[in-house]
Every structure is written in C-alpha cells, then in structure tokens.
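Enquirer: Supplied in structure tokens, the structure appears directly below.
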Amino acid sequence: MREISKKTRKQRFDRWVTEGNVQFWLIMAIPFIWLIVFAYLPMGGLALAFKEYSPRAGIFNSPDVGFKWFVRFLGGPYSKDIILNTVRLGVYSLLVGFPLPIILAICLNEVSHVRFKKSVQMVTYAPYFISMVVMVGMMMRIFDLRSGVINRIITLFGGRPINFFGESGVFPHLYVWSGVWQGTGYSSIIYISALAGVSPELKEAAEVDGATRLQKIWHIDLPGISPTVVMMLIFNVGQMLNIGFEKAYLMGNPSNRRTAEIISTYLYEVGIKSGNYSYATAVGLFNSLISLALFLLVNKVSKKLADESVF
C-alpha cells in the first residue's frame, strides 16, 4: 500500500508540473517575495518611533521613550506649516489631477478618427516617462527669470519678469500643474479601458431615442465607469498626503521654502541629514496613520453612498 501511495503521489506531482502550476507559482512568488522583503519586513523598524535609537544598542535594545517624538513634532514651531503645506498640495493635486484623466478618456473615447486618437494618446502619455530630474530641469529652463521662454513672452508684451521658482506663492501651482501635464495621459488609461466595456447597445438605443452626445456621456458612459471612478478616488484620497519627495526637493529652495517644505522633505532633513532616525520614523508613521485613516473614512462613506468600496 505504501508503494502504491508513493506512485500515486508521484503521478499527481508530475501531472501538477505538466499542467503549468510550477511556472505559475514561480512567477507569483517574485512579487510576493518582493512584498515581504521590502514592505513587511521593514515594518519592524517602526519600533524606532518609540525608541531613543542608539546604533550600538540596536533598534530593539534602545531605550523606550513612548510618544516623545510625536509630541515633539506636533508641538514643534514648524510642524503646523509643514502639515498645512502637505495637505494643501495633496488636496490641490486631487481636485485638479483626479477629474482631468476622466475628461481626457471620455474625449478620446468620442474621437472616431483612429490616427488622430492614437497621436493624442502618444503625446499625452509621453510626459509620464520623463525622469523627474529631467522634468524639473526643463521647468527651470522654461521659467528662468532671465532666459526662460515664459518670461520672454511676458516682457514681449510689456510685463515684468517673474521669478517663478523664487516666489513661495507660485510653488504650489508649478508643482500641481506640472504633475497634471506629466500624469494625466497615463492616468487616463484605466478609464479608457473602463469605457471600452460600456455596452454599445445602450448607445445605439439612446441614439434611436434621440439622445445627444452629451446626454449619452452623462447617462451611459459616466454611470458605466462609475465603479472604476469610485475605486480610483478612494485610492487617490488614501495617497493624498504621500507626496513624492523627489519633485518637491528638486523644486525647493530657500526662497520658496515657506510653501515647499512638506513632510517628505522634512523627513529627509531630520532623518538622513541630521541622523535623527527615531524622530524621522515617528513623523513618517504619523503621516502613514493619517493616510490610512483617510482611506478607511472615504471607503466607508463610498460604501454607504455609492455601494462601492475596496472591502
């Protein structure tokens, strides 16, 4: 009986291999391993937020300080401005950057000329693949005080040159609208895919009833992609405060620091430059907890109002 069971197990294993299960699980193992190594294992370092870190003692043997670093950040002289700058940029980016990909996707969906449609898609997608360093360098050239194209146009019409990168009030607009230019085309891909799944029979029936193009968009296209829109809105709100470090750091300077200093750049200053790893970890954990709370709140509201949610 033992020999028969071994033979049966071998046959089952061989059949499992020949059916492609090994290849499938090997492919799936790569992202799982990456997720565990780079996302879950580093979570042990969050203990630094409650420690007075000492390299000699290590993370877990360093003395406990409770919520000392959280109190220090929230009671600090610059914390209010840093949090407000982060919230301002996050809300501004969400209000401007979220609806535009939807509008672009709907407009492209209505274009019947295939060559023109593909050309617009290529032009709008291309900026996404430009390096952040290159893009900020382009902006500095375009908006340069003396030799920039924008200031030359302003002076051509009799105006005075504007120091775009030196004005703290201009920084949020430069940051947000450059992000819109870079990411709108790429973000529209998911909505174009959702629009492809809208039933053409509904549009044909609407045309028979005499519906205009705007009426078909409002009553057929938008309801058809509303689950996708709601899901993307939930994720975008959850990431609203996780503003990228690179762009803000590259665009920032002493002249616009009043509005350019955000949580991610502050973490770099106090964590990497100053070496206060415990304090930086506490600030980062605070930011992550607020983002999680926003995500859960919007998910719950969406589930009640639109009956759509992540879970």
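Enquirer: Of all residues in the range 109-125, which are aliphatic (A, V, I, L, M) and open to solvent by 80 Å² or more (accessible area, probe 1.4 Å)?
Expert: Step one: list which residues in the range 109-125 are aliphatic (A, V, I, L, M), which gives 111, 114, 120, 122-123.
Those that are aliphatic (A, V, I, L, M) and open to solvent by 80 Å² or more (accessible area, probe 1.4 Å): 114, 122, 123.
Enquirer: Here's another thing I want to ask about it. Filter the helices (runs of 4 or more DSSP H) completely within the range 195-262 down to those with at least 3 residues that are closer than 30 Å to residue 299 by Cα and touching a residue at least 24 places away in the same chain (Cβ under 8 Å). Explain how you work it out, then say what you get.
Expert: Details: elements: 200-208, 213-216, 222-238, 245-251, 257-260.
Qualifying helices (runs of 4 or more DSSP H): 222-238, 245-251.
Enquirer: Pairs only if they're at least six apart or on different chains, beta carbon under 6 angstrom, first in the range 75-91 and free of Cβ contacts under 8 Å to residues at least 12 places away in the same chain, second surrounded by 12 or more Cβ atoms within 10 Å (Cβ to Cβ); list them, first residue then second.
Expert: If the second residue must be surrounded by 12 or more Cβ atoms within 10 Å (Cβ to Cβ), the pairs left are 79/73.
Enquirer: A further question follows. From the list 197, 185, which residue is open to solvent by 60 Å² or more (accessible area, probe 1.4 Å) and out of contact with any Cys (no Cβ under 8 Å at 6 or more places or on another chain)?
Expert: Numbers: 185 fails: open to solvent by 60 Å² or more (accessible area, probe 1.4 Å).
None of the other options fit; the residue is 197.
Enquirer: Go through the residues of the range 98-108 one by one and say whether even a single one is open to solvent by 80 Å² or more (accessible area, probe 1.4 Å) and not β-branched (Val, Ile, Thr).
Expert: Here is the first cut: in the range 98-108, the residues open to solvent by 80 Å² or more (accessible area, probe 1.4 Å) are 103.
Within this subset, residues satisfying the condition of being not β-branched (Val, Ile, Thr) are none.
No, every residue in the range 98-108 fails to be open to solvent by 80 Å² or more (accessible area, probe 1.4 Å) and not β-branched (Val, Ile, Thr).
Enquirer: Does residue 162 qualify as being open to solvent by less than 50 Å² (accessible area, probe 1.4 Å) and over 21 Å from residue 262 (Cα atoms)? Explain how you work it out, then say what you get.
Expert: Working: open to solvent by less than 50 Å² (accessible area, probe 1.4 Å): no; over 21 Å from residue 262 (Cα atoms): yes.
No: the conditions fail for residue 162.
Enquirer: Out of everything in the range 144-159 that is in a loop (DSSP other than H, G, I, E, B) and either surrounded by 10 or more Cβ atoms within 10 Å (Cβ to Cβ) or small (Gly, Ala, Ser) (or both), what residue ends up being modelled with the highest pLDDT?
Expert: Residues of the range 144-159 that are in a loop (DSSP other than H, G, I, E, B), as a first pass: 144-148, 157-159.
Those left that are additionally either surrounded by 10 or more Cβ atoms within 10 Å (Cβ to Cβ) or small (Gly, Ala, Ser) (or both): 144-145, 147-148, 158-159.
Working: 144: 90, 145: 86, 147: 84, 148: 87, 158: 87, 159: 87.
That would be 144.
Enquirer: From the list 241, 214, which residue is within 22 Å of residue 101 (Cβ to Cβ) and exposed (fewer than 12 other Cβ atoms within 10 Å of the Cβ)?
Expert: Values: 241 fails: exposed (fewer than 12 other Cβ atoms within 10 Å of the Cβ).
None of the other options fit; the residue is 214.
Enquirer: Give me the helices (runs of 4 or more DSSP H) completely within the range 65-136, filtered to those with at least 2 residues that are of a type in the set (A, V, I, L, M), under 20 Å from residue 287 (Cβ atoms) and within 24 Å of the chain's Cα centre (by Cα), ordered by residue number. Lay out the reasoning, then the answer.
Expert: Values: elements: 68-74, 79-97, 99-110, 114-125.
In the range 65-136, the matching helices (runs of 4 or more DSSP H) lie at 79-97.
Enquirer: Condition first: touching a Leu at 6+ places or on another chain (Cβ under 7 Å) and small (Gly, Ala, Ser). Now tell me which residues in the range 79-106 satisfy that.
Expert: 90, 105, listed by residue number.
The values are calculated or read from the model by the stated rules, or taken from the named source; none is laboratory data. Source: prediction; values computed, not measured. Note: ideal-geometry Cβ built from the backbone for every residue, glycine included; neighbour counts use all protein chains shown. Just so you know, the surface numbers come from the protein's heavy atoms only, side chains and all, with ligands and any DNA or RNA stripped out. Shrake-Rupley method; radii C 1.70, N 1.55, O 1.52, S 1.80 Å.
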